Amino acid sequence: MDMKELSSIMQQNGIVGAGGAGFPTYAKLNENADTIILNCAECEPLLRLHRQLLEKYAQEIVDTFQLIGQAVGAKEVIIGIKKAYTKTIDALNQVITAYPEVRLGLLDEVYPAGDEVVLIYEVTGKVVRPGGLPIECGVAVFNVETVYNVYRAMNQNTPVVDKLVSVVAEVEHPVTVRVPIGTTIEETVRLAGANTTKNPVYFIGGPMMGNIGSGSQPVTKTTNAVLVLPEEHLIVQRKRQKTSIDLKRAAASCCQCTMCTDLCPRNRLGHPIEPHLFMRAATCKDIQEPNIFLNTFFCCSCGLCELYSCFQGLSPRTLMAEYKAGLRANGIKPPQVEAAPVGEEREYRKVPMERLMARLDLTKYNKEAPLDESEVPVRKVKILLSQHIGAPASAIVKVGDKVSRGQMIAEPAKGLSVGIHASIDGTVSEVSDKYVIIETQEGRAGK
């Protein structure tokens, strides 16, 4: 299959990165990609759907990934996976002998191994330029579930109509389920049994980079996990802090110990991001060195500085994100800089996942969440037209239209965009420039 044909399949079937910002996958296909990497680092604590999916569908995913490599002309096809995922590695070893160009890139059980800049360095030794894209050094990185979605599109004519979501923490039966896109978070959580805490808070995504959500919000193409947490949990309380208070606390107690910078994964790769200097300059309103503020563009928001490194409980990541947003809003662009050489000390400043979970009071939630792909009956879905970086798709259905699962309901807009498809059979009950609501007959009767 040539790159143009594969790109069209990805765009028309609505395939985007199944995690993070949801970058449209077709835009990653590039003839300059000498190396492609499958990311099975499962970066965040408690998440496990990627290793589960790759273990179950090793043949299908490796075959499809190798095809992507052929389409772009990649010389190296690497599966980045943590050494601790022994069952998945065993499944891969039974498959990859048939693909001489495919190899495993084994990773330590540290955070954030799944950050693509860190992952690229670990398995290739290449350092991505600060603020640059992986393709600049000849690399493209793909998510495990994304590649499985490519397989389904090519072999089963199935567009992205559902999503794997791990439901963990304060639930009766932690589980990884496959639900239709647009299912509410509340319905998804119910599949894990009863909540085991009063006043549960739904934390969407991983504990390090996720956000507090509501039970009524819909599952999107990038929803990887829902952590059901007690209202008083450390992570919830930290997320609810006000940045104005964070800044005052930093002014009062930051002792410039440099621990946030010493353990910053991007700084360890030579990127000019120094959280401790930012904290000093921001709290003192010192603008003599503007690059301290401009360099916040190079923060990957992994959260280590505020959730692990700082023994004062300060919030460098949150404050830098605030400054980054302000710079962007004023049309400021990242400076063009080169990375400094990687120092030997980097190897001794990696953060063990086990220690990170203990620090975050998550160890008790580190339980199996078995993969269950049983069909989930849903009576109503709210499908967002913007579930990825780039332009939203444009709705091509109207109220009263009957649609079937897999039917395109919004076509790609001009620019970076992908198609959106109906995730259930039903009738369109509402259309706006932001979403489409589809209801089954039973759902409408329930009104």
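For the stretch 171-218, the candidate set comprises residues that are open to solvent by 10 Å² or more (accessible area, probe 1.4 Å), among the small types (G, A, S) and at positive phi; within that set, the residue that is nearest to the chain's Cα centre (by Cα) is G205.
Checking the structure you have, find out if any residue of the stretch 219-235 is within 17 Å of C300 (Cβ to Cβ), of a type in the set (S, T, Y), within 20 Å of the chain's Cα centre (by Cα) and open to solvent by less than 60 Å² (accessible area, probe 1.4 Å). For the stretch 219-235, residues within 17 Å of C300 (Cβ to Cβ), of a type in the set (S, T, Y), within 20 Å of the chain's Cα centre (by Cα) and open to solvent by less than 60 Å² (accessible area, probe 1.4 Å): present. Quick one: would you say Q70 is out of contact with any helix residue (DSSP H, G or I) (no Cβ under 9 Å at 6 or more places or on another chain), open to solvent by 20 Å² or more (accessible area, probe 1.4 Å) and more than 28 Å from Q336 (Cβ to Cβ)? Here the answer is yes, as Q70 does meet what is asked.
Residues checked against (1) of a type in the set (D, E); (2) surrounded by fewer than 18 Cβ atoms within 10 Å (Cβ to Cβ):
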site: Y365; (1), (2): no, no
site: I383; (1), (2): no, no
site: G390; (1), (2): no, no
site: A422; (1), (2): no, no
site: S432; (1), (2): no, yes
site: V436; (1), (2): no, no
site: E439; (1), (2): yes, no
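Residue check: is V236 at pLDDT 95 or above, out of contact with any Lys or Arg (no Cβ under 8 Å at 6 or more places or on another chain) and assigned to a strand (DSSP E or B)? It is false that V236 is at pLDDT 95 or above, out of contact with any Lys or Arg (no Cβ under 8 Å at 6 or more places or on another chain) and assigned to a strand (DSSP E or B).
If you go through the stretch 88-114 and keep only what is open to solvent by 20 Å² or more (accessible area, probe 1.4 Å), under 22 Å from the mean Cα position of the chain (by Cα) and under 19 Å from T35 (Cα atoms), you end up with L104, L106.
Under the condition of being among the hydroxyl-bearing types (S, T, Y) and part of a loop (DSSP other than H, G, I, E, B), which residue from the stretch 408-429 is nearest to P392 (Cα to Cα)?
Filtering the stretch 408-429 down to residues among the hydroxyl-bearing types (S, T, Y) leaves 417, 423, 427, 429.
Now restrict to residues that are part of a loop (DSSP other than H, G, I, E, B): 417, 423.
Working: S417: 6, S423: 17 Å.
Ranking the candidates gives S417 first.
Anything in the stretch 1-56 that is in contact with a helix residue (DSSP H, G or I) (Cβ under 8 Å, 6 or more places away or on another chain), hydrophobic (A, V, I, L, M, F, W, C) and assigned to a loop (DSSP other than H, G, I, E, B)? List them, or say none. Passing the criteria: M1, I15, A18, L29, A33, A41, L46. If you go through the stretch 236-266 and keep only what is of a type in the set (V, I, T) and either touching a helix residue (DSSP H, G or I) at 6+ places or on another chain (Cβ under 8 Å) or open to solvent by 40 Å² or more (accessible area, probe 1.4 Å) (or both), you end up with T243, I245, T258, T261.
Would you confirm whether or not the stretch 315-328 contains a residue that is outside any helix (DSSP H, G or I), open to solvent by less than 20 Å² (accessible area, probe 1.4 Å) and in contact (Cβ under 8 Å) with a residue 12 or more places away in the chain?
Here is the first cut: in the stretch 315-328, the ones outside any helix (DSSP H, G or I) are 315.
Going one step further and asking which of them are open to solvent by less than 20 Å² (accessible area, probe 1.4 Å), we end up with 315.
Adding the requirement that they be in contact (Cβ under 8 Å) with a residue 12 or more places away in the chain leaves 315.
Looking for residues that are outside any helix (DSSP H, G or I), open to solvent by less than 20 Å² (accessible area, probe 1.4 Å) and in contact (Cβ under 8 Å) with a residue 12 or more places away in the chain, one finds at least one in the stretch 315-328, hence yes.
If I filter the stretch 277-289 for residues that are assigned to a helix (DSSP H, G or I), open to solvent by 20 Å² or more (accessible area, probe 1.4 Å) and under 29 Å from V118 (Cα atoms), do I get at least one hit? Yes, that holds for at least one residue.
Only a single item in (1) more than 29 Å from Y435 (Cβ to Cβ); (2) touching a residue at least 24 places away in the same chain (Cβ under 8 Å) is not met by A194, and it is number (2).
Please state which one of V77, V117, V147 is buried (at least 19 other Cβ atoms within 10 Å of the Cβ), touching a helix residue (DSSP H, G or I) at 6+ places or on another chain (Cβ under 7 Å) and in a strand (DSSP E or B).
Numbers: V117 fails: in a strand (DSSP E or B); V147 fails: in a strand (DSSP E or B).
After applying the criteria, what remains is V77.
For beta carbons closer than 7 Å, sequence separation of 6+ or different chains, a first residue in the stretch 1-20 that is free of Cβ contacts under 8 Å to residues at least 60 places away in the same chain and on the phi < 0 side of the Ramachandran plot and a second that is assigned to a helix (DSSP H, G or I) and open to solvent by 10 Å² or more (accessible area, probe 1.4 Å), the qualifying pairs are S7/Y26.
Here's a check for you: in the stretch 402-418, which residue that is open to solvent by 40 Å² or more (accessible area, probe 1.4 Å) and more than 19 Å from the chain's Cα centre (by Cα) is farthest from S429 (Cα to Cα)? Among them, the one singled out is G415. On inspection, K56 does not qualify as touching a residue at least 40 places away in the same chain (Cβ under 8 Å), under 30 Å from L385 (Cα atoms) and open to solvent by 40 Å² or more (accessible area, probe 1.4 Å). V168 fulfils the conditions (1) hydrophobic (A, V, I, L, M, F, W, C); (2) in a strand (DSSP E or B); (3) closer than 24 Å to E116 by Cα except for a single criterion, (3).
The values are calculated or read from the model by the stated rules, or taken from the named source; none is laboratory data. This structure is a prediction, so every number in the text was calculated from the model and none was measured. FYI the Cβ positions are ideal-geometry reconstructions off the backbone, even for glycines, and counts take in every protein chain you see. Just so you know, the surface numbers come from the protein's heavy atoms only, side chains and all, with ligands and any DNA or RNA stripped out. Shrake-Rupley method; radii C 1.70, N 1.55, O 1.52, S 1.80 Å.
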